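Read the structure below first, then the notes.
The values are calculated or read from the model by the stated rules, or taken from the named source; none is laboratory data. In this text, all values refer to a predicted model and were calculated from it rather than measured experimentally. Every residue, glycine among them, receives a Cβ derived from its backbone with ideal geometry; neighbour counts consider all protein chains shown. Areas reflect the complete protein model, heavy atoms only, side chains present, ligands, DNA and RNA absent. Shrake-Rupley method; radii C 1.70, N 1.55, O 1.52, S 1.80 Å.
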Amino acid sequence: MPNNYKHSFTTGKVILVGAGPGDPELLTRKAYKALQSATVLFVDDLVNPEIVELANPMARVVYVGKRGGCKSTPQAFIEKLMLAAVFEGENVVRLKGGDPFIFGRGGEEVEALQRHGITVDVINGITAGLAAVSSLNVPLTHREHAHGVVFVTGHAKTGAHAIDWRAMSAAAKQAKLTLVIYMGVSGVAHIAAGLLVGLPPDTPVAVVQNASLPSQRHVVCALENLRHCVTQNAMTSPSVIIVGEVFRGLMALNATPMVREAIG
Ligand code: SAH
């Protein structure tokens, strides 16, 4: 039978695989197939070890994240390692948390590899923000209260790349947008202060930590209490902060359990 699928290996190829938010059941079949056929995997932080275990047992696993012993492996070095592996004829999989193209520098890696004539395939993963809302049965868009979604980093605090939270809040209010903020918990005070300029103090916010994992926790509160809520409940990374009217109903319940049952 002819193989019409895109993700089989030929020489000189890297597959960028989205590992999803953590729950191995949320992997795509294509991701699973790629893990099985890899001879070497370059794995980021935040990828659930249970997902790495799904790889071919003969595959070499290289952890390239801060927690992987490489002490925040510089991006250029990761790219170099991948290139060397491709040129040695390995079947290279680059495994990234969530979706490879939502933050996590997937675009930079594609450019670097393509500059060296390497073919890159990308396999989507479920991004953390999407998994977070779905786990609470809340949509990101809603015909009445949310006409669009912004995925935004909370990490860029200063300089040319700083996010203008005031402008963001004005846009969110005017266009009825849900804001999904990644890497935002450590800068929550700054983010909340900016958002309060354009959004009402009672705007609902959810913070979801470890989305899709058995250790998932969440809190729902009004924007004016966000900073306090994050500190009080010790919400730490990895968490997403989701701001918008889609959480109005859940906020009204105000009795949301802090620890969610494992999916299964
Ligand atoms: N590519 C990833 C995002 C990488 S940036 C994706 O699509 O999900 C890393 C940030 O993602 C974390 O700081 C956190 O904000 C978020 N994140 C990743 N996994 C998460 C999880 N299981 N639960 C909540 N947030 C998560």
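To keep it simple, each residue is scored yes or no on (1) of a type in the set (S, T, N, Q); (2) within 16 Å of Pro238 (Cβ to Cβ); (3) away from the ligand (no atom under 16 Å from the Cβ).
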{"site": "Asn56", "(1), (2), (3)": "yes, no, yes"}
{"site": "Lys80", "(1), (2), (3)": "no, no, yes"}
{"site": "Val92", "(1), (2), (3)": "no, no, yes"}
{"site": "Lys96", "(1), (2), (3)": "no, yes, no"}
{"site": "Ile118", "(1), (2), (3)": "no, no, yes"}
{"site": "Pro139", "(1), (2), (3)": "no, no, yes"}
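Kindly provide the set of residues from segment 149-164 that are within 16 Å of the ligand (Cβ to nearest atom) and without any contact (Cβ under 8 Å) to a residue 60 or more places away in the chain, ordered by number.
Result: Val149, Val150, Phe151, Val152, Thr153, His155, Ala156, Lys157, His161, Ile163.
Considering Arg217, Arg260, which residue is at pLDDT 95 or above and either open to solvent by 20 Å² or more (accessible area, probe 1.4 Å) or over 22 Å from Pro139 (Cα atoms) (or both)?
Arg217
Inside segment 15-43, can you point out the residues that are of a type outside the set (A, V, I, L, M), over 16 Å from Pro57 (Cα atoms) and part of a helix (DSSP H, G or I)?
Result: Pro24, Glu25, Arg29, Lys30.
If you check Ile181 against the conditions, is it under 15 Å from the mean Cα position of the chain (by Cα) and over 30 Å from Ser37 (Cα atoms)?
Taking the combined requirement at face value, the residue satisfies it.
Quick one: is Leu54 open to solvent by 40 Å² or more (accessible area, probe 1.4 Å) and in contact (Cβ under 8 Å) with a residue 24 or more places away in the chain?
Judged against the criteria, Leu54 is a match.
In this structure, is Ala146 surrounded by fewer than 19 Cβ atoms within 10 Å (Cβ to Cβ), over 19 Å from the mean Cα position of the chain (by Cα) and either touching a residue at least 40 places away in the same chain (Cβ under 8 Å) or away from the ligand (no atom under 14 Å from the Cβ) (or both)?
No: the conditions fail for Ala146.
Output the residue which, of all residues in segment 9-35 that are open to solvent by 20 Å² or more (accessible area, probe 1.4 Å) and within 17 Å of Ala85 (Cβ to Cβ), is nearest to the ligand (Cβ to nearest atom).
Top of the filtered list is Phe9.
Restricting attention to segment 181-210, and to residues there that are part of a loop (DSSP other than H, G, I, E, B) and open to solvent by less than 10 Å² (accessible area, probe 1.4 Å), which single residue is farthest from the ligand (Cβ to nearest atom)?
Thr203
Under the condition of being crowded, with 17+ Cβ neighbours inside 10 Å and without any contact (Cβ under 8 Å) to a residue 60 or more places away in the chain, which residue from segment 235-250 is farthest from the chain's Cα centre (by Cα)?
Met235
In segment 151-180, how many residues are in contact with a Leu (Cβ under 9 Å, 6 or more places away or on another chain) and either modelled with pLDDT under 95 or open to solvent by less than 30 Å² (accessible area, probe 1.4 Å) (or both)?
The total comes to 7.
Mind listing whichever residues of segment 123-137 are within 12 Å of the ligand (Cβ to nearest atom), in contact with a helix residue (DSSP H, G or I) (Cβ under 9 Å, 6 or more places away or on another chain) and open to solvent by 30 Å² or more (accessible area, probe 1.4 Å)?
Hits for segment 123-137 are Asn124, Ile126.
Which residue is nearest to Gly148 (Cα to Cα), if the candidates are limited to segment 211-230 and must be without any contact (Cβ under 8 Å) to a residue 40 or more places away in the chain and either in a helix (DSSP H, G or I) or of a type in the set (Phe, Trp, Tyr) (or both)?
Leu223
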